[in-house]
Structures are given as structure tokens and as C-alpha cells.
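For reference, the structure is listed below as C-alpha cells.
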Amino acid sequence: MEQVRNIANMDHQHKQAVVEIKNLRKNFGSQEVLKNVSLELYNGENLVVLGKSGSGKSVLIKCIVRLLTPDDGTINVLGENVSSLKRNELSELRKKIGFLFQSGALYDSMTVKENLEFPLRRIKKKMPQKEMDEKIAEVLENVGLSDALHKMPSQLSGGMRKRISLARTIIVDPKIMLYDEPTTGLDPVTSDEISLLINQVQKKYKTSSIIITHDIECARATADRLVMLHHGEVYKDGNIEDYEKSDDPFIKSFFKD
């Protein structure tokens, strides 16, 4: 994956932050999972958050959409303080955020078409059926699965399920995408395809994305910038070249994969 990702080299002062996290802390009992984490996601950027299992990566993005409530710190998303939002305000904000869960979370009892209609009916309530059908056809084409319209999730491979999950997430035109371990459990070829798709979504839909992963190849392929978490703290923030040139033993051990 030799694609050059160079947004990290741009001057951040001239870029708008769509997510700002300051001094975030989250404990589970006596276990401190996130300790004083601060980071920004800039408009139009693919930010990869890298770290070993248990470093707090998934907890971080669940805090962003308030699936988990932080113990301390602030999270601003699209100019709104997530912690202070009322339930209906939070619901409105979540409509602008696409969350691709690790499991894919498709409804097994629904066809692909019904899975894709579900968020449209919930979020774009007045959309006519014809427009809905056109939107479904468009996103299926964008993920390369136009022929899967009437299939059940059980008839799809793991990679296909991931693609349909992605189609269902982008169908409502989110401004921000959160990917939780998008290549976990996939073979290398399918993983590369999903990484390519993440870049295509960024380009076509002008999304700003946080990609949670411990897959170095996915990070190399998608990252404009990388933040590494270690023991619940930001250990390093830079572009892929900064990491690959690093003499730090922890970073070097990670990039041997």
C-alpha cells in the first residue's frame, strides 16, 4: 500500500477541527482506560488511532458519540459539547456521525435492501421510495455490491457484510465517520479492499474519519495522520513517515508487523 497520504504535512492552524477532545479520562472501576487524552480530527482528514488491544481505542470513539460517558474532560463534535447535549440534541448530532461497528451489526432478518432502507426511514423520514431506491443503488455501487440487493446477510462473506455495513453507514451522508477495527477478521486481500474503500468514501463523501485499528497495513493505506495510544495516553502524533523513522523501541516493535 504505497499510496502517499500527506494531509498531515499541511498547517493545522489553517484547518478546522470537527472533533476536539481535551483531557479525556475514562475509568472502569479501578482500571484507568483513558488518561488525559487530547486530540483533534480536522475537516476532511483520515485520522488513524493506533494501539494494542486494551489501549482504550474503542472506548475513545464510544465516548465521542456518548455510548460511554467520560469521567472527565471535554469532547466537542461539529462545534457542540457532547456531554452537555440533551437526549434529542444528541440524537440529532448522531445523525451526522457514521459509526461502523467491528461486528458490522447488520440485521440478520432483513435483506440487504431492507438493511439499507432502515436508516433512511429513521433519519430521512420524508424521502420518497423512488429516491430511496436510487440512493440504495448508488451506495451499493460505491461499495461494489450492486448484485447483493435482495440477499440476506447470511448469504454474504465477512468482507461483503463489512461493505454492506459501510453502505448502510454512508447512505445518510454523515459528516464524520468512525471506523472501529474495520479490517479485523478479514483476510489480507479483503482488508486491502476495505482500506481502499475507506479512502474512496473520504474522497467521494468529503468525510472526516477516525479509524481505530491495530492493523499496520490498514494504517499505512488510510492515514493522513496517526495518533498512537499506549497505556491510555497519547504516545505519539504524526504521519506514517514519523513512525517508520522512529528509533523508539515501542513504536519499532509495533511497526514490525
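A compact table of results
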| quantity | calculated |
| --- | --- |
| Candidate set from the range 214-233 (those that are among the β-branched types (Val, Ile, Thr) and touching a strand residue (DSSP E or B) at 6+ places or on another chain (Cβ under 6 Å)); member that is surrounded by the fewest Cβ atoms within 10 Å (Cβ to Cβ) | Val227 |
| The range 81-92 residues that are under 14 Å from Leu68 (Cα atoms), paired with ones that are among the hydroxyl-bearing types (Ser, Thr, Tyr) and at pLDDT 95 or above (beta carbon under 7 Å, 6 or more apart) | Ser83/Thr74 |
| Qualifying positions in the range 155-192 - among the charged types (D, E, K, R), free of Cβ contacts under 8 Å to residues at least 40 places away in the same chain and buried (at least 16 other Cβ atoms within 10 Å of the Cβ) | Arg163 |
| Which listed residue is over 19 Å from Ser195 (Cα atoms), at pLDDT 95 or above and among the charged types (D, E, K, R), from Glu131, Glu138, Glu117, Glu89 | Glu89 |
| Hey, Thr213 polar (S, T, N, Q) and free of Cβ contacts under 8 Å to residues at least 60 places away in the same chain or not | no |
| Selected residue [under 23 Å from Thr213 (Cβ atoms), polar (S, T, N, Q) and at pLDDT 95 or above] from Asn23, Asn36, Asn46, Asn9 | Asn46 |
| Within the range 204-236, considering residues that are in a strand (DSSP E or B) and among the charged types (D, E, K, R), the one farthest from Lys26 (Cα to Cα) | Arg225 |
| Subset tally (residues that are β-branched (Val, Ile, Thr), at pLDDT 95 or above and in contact with a helix residue (DSSP H, G or I) (Cβ under 7 Å, 6 or more places away or on another chain)) for the range 213-250 | 1 |
| Count of residues meeting criterion [under 17 Å from Lys204 (Cβ atoms), among the small types (Gly, Ala, Ser) and within 21 Å of the chain's Cα centre (by Cα)] in the range 97-143 | 1 |
| Sole residue being of a type in the set (Gly, Ala, Ser) and either surrounded by fewer than 17 Cβ atoms within 10 Å (Cβ to Cβ) or not assigned by TED's automatic domain parsing to the domain that holds Ile21 (or both), chosen from Ser38, Ser58 | Ser38 |
| Qualifying residue in the range 161-174 (condition: touching a helix residue (DSSP H, G or I) at 6+ places or on another chain (Cβ under 8 Å), within 28 Å of Glu80 (Cβ to Cβ), among the small types (Gly, Ala, Ser) and not in a strand (DSSP E or B)) | yes |
| Leading residue by the ranking (farthest from the chain's Cα centre (by Cα)) among those in the range 170-205 that are within 23 Å of Cys63 (Cα to Cα) and charged (D, E, K, R) | Asp173 |
| Asn142 being surrounded by fewer than 21 Cβ atoms within 10 Å (Cβ to Cβ) and out of contact with any strand residue (DSSP E or B) (no Cβ under 7 Å at 6 or more places or on another chain) | yes |
| Number of the condition not met by Lys206 [criteria: (1) in contact (Cβ under 8 Å) with a residue 60 or more places away in the chain; (2) within 26 Å of Asn36 (Cα to Cα)] | (2) |
| Check on Glu141, outside the structural domain of Arg25 (by TED's automatic domain parsing) and either outside any loop (DSSP other than H, G, I, E, B) or under 23 Å from Lys26 (Cα atoms) (or both) | yes |
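The values are calculated or read from the model by the stated rules, or taken from the named source; none is laboratory data. Since this is a predicted model, take the numbers as computed values, not measurements. No Cβ is skipped: glycine too gets one built from the backbone with ideal geometry, and neighbour counts run over all protein chains shown.
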